[in-house]
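All remarks here apply to the structure that follows.
The values are calculated or read from the model by the stated rules, or taken from the named source; none is laboratory data. Note that the coordinates shown come from a computational prediction; the quantities given were computed from them, not determined experimentally. Cβ sites come from the backbone with ideal geometry, for glycine too, and all protein chains shown count toward neighbours. Remember, those area values only see protein heavy atoms, side chains included, never the ligands or the DNA or RNA. Shrake-Rupley method; radii C 1.70, N 1.55, O 1.52, S 1.80 Å.
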Amino acid sequence: MGGSGRSFENLVAIMDALRERCPWDREQTFSTLKACLLEETYEVLEALSAPGHEGLREELGDLLLQVVFLARLAREQGLCDLGGIITSLCEKMVRRHPHVFGEVEARDAQQVLINWAKIKEAEADEREGAREAYSALDGVPGSLPALLRARRLTEKASRVGFDWPSAREVWTKVQEELAELKAGIESADRARIGEELGDLLLTLVNLSRLVAVDPEDALQQATRKFERRFRTMEQHFRAQNRHLRDATLAEMDAVWDAVKADGG
């Protein structure tokens with residue numbers, strides 16, 4: 001820890017100097033850093049998905065800088081300081097991992113999550129006036145992307161036993177939701193269509209969870225595959241000095257199927 005500890009102290013010192021002497025850094029606020037934090041988070045996600053996790057070290061560093069920057073602003077406003085943030089985090093990690101730092105046993109990862117939920121509820125009970133307000137769904141920001149928020153909410157519900165017995169039952173529910181969406185489309189009622197489509201998407205998120213596939217990753221992979229095939233199709237017609245607008249749907253479908261068959 002010695003080397004990394006000194007590096008971290010150096011980072012904090014650099015942040016202090018930037019805040020004190022750099023005109024741009026002095027102007028930043030919680031509001032202006034929101035976009036930076038979001039952008040750096042997504043760049044870390046990109047690096048995690050890249051072959052060989054290329055660029056991960058740099059992107060993690062950029063994200064860490066945003067945390068240190070926000071902690072510096074919090075200190076200036078008397079909200080908290082970096083030392084307190086780290087101390088609080090360490091105490092919470094020890095408290096919520098009694099199977100590592102205490103005498104509690106956890107037979108698998110699911111049991112760890114169940115224990116975590118129980119500890120969080122107990123913590124809420126200890127806070128004055130918090131018992132009535134506590135929910136097992138607490139801690140899922142409303143600003144999360146819808147797909148991620150759906151997964152996190154259903155995960156939390158599952159930890160208190162509100163879950164499907166297996167993926168088989170969810171698959172049956174998918175068929176039911178598909179039928180309801182079809183009926184909604186036939187009714188031409190846009191409000192009903194939107195509701196039924198949302199129900200189907202939420203059910204698919206539950207299915208992905210029970211088959212241990214991250215829905216965000218699955219959709220990202222499918223989107224990248226679609227983009228790759230579409231661009232290859234464009235190149236095919238461009239080689240013929242043609243634009244997609246000049247091709248028929250049947251022609252595009254034929255090229256798409258060829259690209260797909262070729263492993264594109």
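With respect to Ala191, is the statement that it is open to solvent by 70 Å² or more (accessible area, probe 1.4 Å), farther than 26 Å from Ser158 by Cα and aliphatic (A, V, I, L, M) true? It is true that Ala191 is open to solvent by 70 Å² or more (accessible area, probe 1.4 Å), farther than 26 Å from Ser158 by Cα and aliphatic (A, V, I, L, M).
Across segment 203-256, the number of residues qualifying as open to solvent by less than 80 Å² (accessible area, probe 1.4 Å), within 30 Å of Thr154 (Cα to Cα) and of a type in the set (A, V, I, L, M, F, W, C) comes to 8. Scanning segment 161-171 for residues that are touching a helix residue (DSSP H, G or I) at 6+ places or on another chain (Cβ under 6 Å) and open to solvent by 50 Å² or more (accessible area, probe 1.4 Å) yields a count of 1. Filtering segment 140-193 to residues that are of a type outside the set (Gly, Ala, Ser) and under 14 Å from the mean Cα position of the chain (by Cα) leaves Val140, Pro141, Leu144, Pro145, Leu147, Leu148, Arg149, Arg151, Arg152, Leu153, Thr154, Glu155.
The helices (runs of 4 or more DSSP H) found wholly in segment 1-82 and carrying at least 3 residues that are polar (S, T, N, Q) occupy 2-21, 30-49.
Among what's in segment 75-96 and is more than 20 Å from Val12 (Cβ to Cβ) and touching a residue at least 12 places away in the same chain (Cβ under 8 Å), pick the residue that is surrounded by the most Cβ atoms within 10 Å (Cβ to Cβ). First the steps, then the outcome.
Taking segment 75-96 as the starting set, the residues that turn out to be more than 20 Å from Val12 (Cβ to Cβ) are 91-96.
Narrowing further to those that are touching a residue at least 12 places away in the same chain (Cβ under 8 Å): 95-96.
Numbers: Arg95: 14, Arg96: 18.
Only one residue tops the list, namely Arg96.
Can you find a residue in segment 241-261 that is among the aliphatic types (A, V, I, L, M), touching a Lys or Arg at 6+ places or on another chain (Cβ under 8 Å) and more than 30 Å from Glu180 (Cα to Cα)? Yes, some residue in segment 241-261 is among the aliphatic types (A, V, I, L, M), touching a Lys or Arg at 6+ places or on another chain (Cβ under 8 Å) and more than 30 Å from Glu180 (Cα to Cα).
Taking segment 97-121 as the search range and keeping residues that are surrounded by 11 or more Cβ atoms within 10 Å (Cβ to Cβ) and of a type in the set (D, E, K, R), which one is modelled with the highest pLDDT?
Step one: filter segment 97-121 for residues surrounded by 11 or more Cβ atoms within 10 Å (Cβ to Cβ), giving 97-101, 104, 106, 110-121.
This time we only want the ones that are of a type in the set (D, E, K, R), so: 118, 120-121.
Working: Lys118: 84, Lys120: 81, Glu121: 78.
Taking the candidates together, the pick is Lys118.
Which residue is farthest from Pro165 (Cα to Cα), if the candidates are limited to segment 202-216 and must be part of a loop (DSSP other than H, G, I, E, B) and touching a residue at least 12 places away in the same chain (Cβ under 8 Å)?
First, pick out the residues of segment 202-216 that are part of a loop (DSSP other than H, G, I, E, B): 211-214.
From what's left, touching a residue at least 12 places away in the same chain (Cβ under 8 Å): 211, 214.
On the way: Val211: 12, Asp214: 19 Å.
The extreme case among them is Asp214.
Figure legend. Inter-residue proximity from segment 14-29: first residues within 15 Å of Asp62 (Cβ to Cβ) and open to solvent by less than 30 Å² (accessible area, probe 1.4 Å), second residues part of a helix (DSSP H, G or I) and of a type in the set (Lys, Arg), beta-carbon distance below 8 Å, spacing 6+ or different chains. Indicated pairs: Met15/Arg72; Asp25/Arg19.
Please tell me if Glu59 is without any contact (Cβ under 8 Å) to a residue 24 or more places away in the chain and either loosely packed, with under 12 Cβ neighbours inside 10 Å or polar (S, T, N, Q) (or both).
On the way: without any contact (Cβ under 8 Å) to a residue 24 or more places away in the chain: yes; either loosely packed, with under 12 Cβ neighbours inside 10 Å or polar (S, T, N, Q) (or both): no.
So Glu59 does not fit the description; no.
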